[in-house]
Amino acid sequence: MKESYIERESTDYATASGWLAYKFSSPARRGVPDRIYLKNGVVIFVEYKAPGKRPTKLQEATFAKIRTKGLQVYVIDDIDRAKRVFDSYA
């Protein structure tokens, strides 16, 4: 299963569940998560991967910086996991 398929299906689920979904890219800074989701005052970041793939060291370092600000970053390689994450904030 491709990363793009997981991202698309997960984002469709999130938006149907009331989340705002934005593609996140930062031309001057590599390693940022793929998406930002917002709902009811909650902001989460998601990095999508193909099943079994892991974030790069640069991504891990970037995610750690984001987490030091009290924000959540999820690495998701499965649509069901994505649904559980979004539903956990219901």
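Every number here is computed from the coordinates shown, using simple stated rules; none is lab data. Since we're looking at a predicted model, the values are computed, not measured.
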- Task: State, in angstrom, two size descriptors of the stretch 3-87 derived from its alpha carbons: Rg to one decimal place and Dmax to the nearest whole number.
- Result: 12.2, 33
- Query: For the stretch 37-90, what's the relative contact order in percent, using C-alpha pairs closer than 8 Å and at least 6 residues apart?
  - Reply: 41 percent
- Task: Enumerate the amide H contacts of residue 72 below 5 Å, restricted to partners 5 or more residues apart or on another chain; note that Pro and chain-start residues carry no placed amide H.
- Result: 45
- Note on the structure: Phi angles of the stretch 72-83, converted by Karplus (6.51 cos²θ - 1.76 cosθ + 1.60, θ = phi - 60°) into ³J(HN,Hα) in whole Hz with x for Gly and Pro, give 9, 10, 10, 10, 10, 10, 8, 5, 5, 4, 4, 4
- Full extension from residue 56 to residue 80: what is 0.36 nm times the residue separation minus their Cα-Cα distance, to one decimal in nm? 6.4 nm
- Message: Give me, ordered by chain and number, the residues 5 or more places off residue 24 or on other chains with an amide H under 5 Å from its own placed amide H.
- Response: 35, 36
- For the chain, the count of lysine pairs 8 or more apart or interchain whose alpha-carbon atoms are under 24 Å apart comes to 24
